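All remarks here apply to the structure that follows.
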Amino acid sequence: MRQFSVHLFESKGNWVRPNDESIRKEYKIEYKKHLIHELDKDIFPHEDMFLKAIKASPAVSVSKSMDSNIAYRSRTPNMSSLLRLIKGYRSYPQFRNEKTLAELEKRITQGQPVDMPIVVKFPTGKMRVFAGNTRMDIAFMHDINPTVIMLDLSPYMK
């Protein structure tokens, strides 16, 4: 008699590289309004330079232990905490709200395509989330290691 084992579907996410439009948006919002102030100089004075750097950067799977070394991460433990967090964002409720958060959770857990978060790594080795904190939180809530674009700033800061 054969024995069959039942395996629950375990999603690992379906992380895809963001398209050019998404990368350009992150440049305008996250780079020009935030990250640039942490740098000694403007290392990406033109949007196309940033786009090229992102496209050349490797995709890296982030474990929970690696995540503990990434700054600017909220590490919210559940969806209600995450909702409280996004209520403080300027994009709430127009672009981020209960519905968009639930849809994002569904896409991640069901393995639908989701843009990879972006993590920047400084020459010192320090890392910080650049874009995708919410995506990373949702992934870890569901024991999914997110795949991120790891943008090493070292070559650009010389």
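The values are calculated or read from the model by the stated rules, or taken from the named source; none is laboratory data. Note that the structure is predicted; figures quoted are calculated from it, not measured. Positions of Cβ are generated from backbone atoms using ideal geometry, with glycine treated the same way; all protein chains shown enter the neighbour counts. The area values use the complete protein model at the heavy-atom level, side chains included, leaving out ligands, DNA and RNA. Shrake-Rupley method; radii C 1.70, N 1.55, O 1.52, S 1.80 Å.
Give the residues of the range 27-40 that are open to solvent by 100 Å² or more (accessible area, probe 1.4 Å), of a type in the set (D, E, K, R) and either within 23 Å of T124 (Cα to Cα) or part of a loop (DSSP other than H, G, I, E, B) (or both), sorted by residue number. Result: K33, D40. In a residue-by-residue description of the range 3-26, the property of being aliphatic (A, V, I, L, M), part of a loop (DSSP other than H, G, I, E, B), surrounded by 14 or more Cβ atoms within 10 Å (Cβ to Cβ) and touching a Leu at 6+ places or on another chain (Cβ under 8 Å) applies to no position. When you scan the range 82-96, do you find a residue that is closer than 16 Å to I144 by Cβ and among the β-branched types (V, I, T), even just one? For the range 82-96, residues closer than 16 Å to I144 by Cβ and among the β-branched types (V, I, T): absent. When the residues of the range 75-106 are filtered to those that are in contact (Cβ under 8 Å) with a residue 60 or more places away in the chain and of a type outside the set (V, I, T), the one that is nearest to S57 (Cα to Cα) is R75. For the range 129-155, filtering for residues that are over 9 Å from the mean Cα position of the chain (by Cα), under 18 Å from I36 (Cβ atoms) and either of a type in the set (A, V, I, L, M) or surrounded by fewer than 16 Cβ atoms within 10 Å (Cβ to Cβ) (or both) leaves 4.
Here the range 47-60 is the region considered, the condition is being touching a strand residue (DSSP E or B) at 6+ places or on another chain (Cβ under 7 Å) and surrounded by fewer than 13 Cβ atoms within 10 Å (Cβ to Cβ), and the residue that is nearest to G13 (Cα to Cα) is A59. Of the residues making up the range 102-127, those that are open to solvent by less than 10 Å² (accessible area, probe 1.4 Å) and either more than 20 Å from L151 (Cβ to Cβ) or in contact with a Lys or Arg (Cβ under 8 Å, 6 or more places away or on another chain) (or both) are I108, V114, P117, V119, V120.
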